[in-house]
Amino acid sequence: MRTPSVSAAAVCAAAAVLLAAGCDGGSGRAAPAPVTSSPAPVTGTPAAKVYNSVIKAPVFTGGEVVARAANATGGREMEINGGVGSGSLTVLVNCEGKGELTVTVEPLGFSFPLACVAGQVSTIGNEMNMNGGVAPPHTPGTVRVTASPGVRWAITVGHQNVSGRSDP
């Protein structure tokens, strides 16, 4: 019997990191993470953990949480505490129910959809590098979520500065 050169656990872990980070193979568009109904957490980057729930907001551990909502329906616009313009901004979203959810971050003009499924929690995590002149530091910003009727969702937006520490 032949032994694989890479363990199945390592392959699964690598796939989970790429999918949770929204990797799509280089097309430049965010790809949704796989749909699952498992209660176990899906692990993304070391800075973020996305749990399969819409009752509680996803957990962000890599810096400062700057916006959060849980067990929400319909649309909502939230202020990004501290604004945008430096470091990185991570958006973690879970949704459940048949339909689609769209997240837009302004004034960055960053937007992505997430297909939601009845009876299952769909997850996605996206990170934006705001260094390089996208906006001056501390520019007021918002995150807007729109969702189909019958879709429940939870979101966490986290900020991390360049050195890995959250801004004061």
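Among the candidates Val117, Val84, Val103, single out the residue that is at pLDDT 95 or above and buried (at least 19 other Cβ atoms within 10 Å of the Cβ).
On the way: Val117 fails: buried (at least 19 other Cβ atoms within 10 Å of the Cβ); Val84 fails: at pLDDT 95 or above.
Testing whether each residue is at pLDDT 95 or above and buried (at least 19 other Cβ atoms within 10 Å of the Cβ) leaves just Val103.
Do the conditions hold for Val65, that is, is it at pLDDT 95 or above and closer than 25 Å to Thr139 by Cα? Steps first, answer last, please.
On the way: at pLDDT 95 or above: yes; closer than 25 Å to Thr139 by Cα: yes.
Considered against the rule, which asks whether it is at pLDDT 95 or above and closer than 25 Å to Thr139 by Cα, Val65 comes out as yes.
Look at Thr90 and say whether it is within 20 Å of Asn52 (Cβ to Cβ), among the β-branched types (Val, Ile, Thr) and touching an Asp or Glu at 6+ places or on another chain (Cβ under 7 Å). It would help to see each step written out before you state the result.
Values: within 20 Å of Asn52 (Cβ to Cβ): yes; among the β-branched types (Val, Ile, Thr): yes; touching an Asp or Glu at 6+ places or on another chain (Cβ under 7 Å): yes.
So Thr90 fits the description; yes.
May I ask you to list the residues in region 134-149 that are modelled with pLDDT under 95 and open to solvent by 70 Å² or more (accessible area, probe 1.4 Å)?
Within region 134-149, Val134, Pro136, Pro137, His138, Pro140 meet the criteria.
Considering region 82-132 alone, what residues qualify as being under 19 Å from Gln160 (Cα atoms), among the charged types (D, E, K, R) and either assigned to a loop (DSSP other than H, G, I, E, B) or over 12 Å from the mean Cα position of the chain (by Cα) (or both)?
Glu106
When you go through (1) crowded, with 24+ Cβ neighbours inside 10 Å; (2) under 25 Å from Pro149 (Cβ atoms) one by one for Thr90, which number turns out not to apply?
Against the list (1) crowded, with 24+ Cβ neighbours inside 10 Å; (2) under 25 Å from Pro149 (Cβ atoms), Thr90 comes up short only on (2).
Quick one: Ala72 ticks every box in (1) modelled with pLDDT of 95 or more; (2) open to solvent by less than 20 Å² (accessible area, probe 1.4 Å); (3) within 14 Å of the chain's Cα centre (by Cα) bar one, so which box is it?
Result: Ala72 passes all but (3).
The values are calculated or read from the model by the stated rules, or taken from the named source; none is laboratory data. Everything numeric here is computed off the predicted structure, so don't read it as measured data. Heads up, the Cβs are rebuilt from the backbone with ideal geometry, glycines too, and the neighbour counts pull from every protein chain shown. Accessible surface is based on the protein model in full, side chains and every heavy atom, while ligands, DNA and RNA are left aside. Shrake-Rupley method; radii C 1.70, N 1.55, O 1.52, S 1.80 Å.
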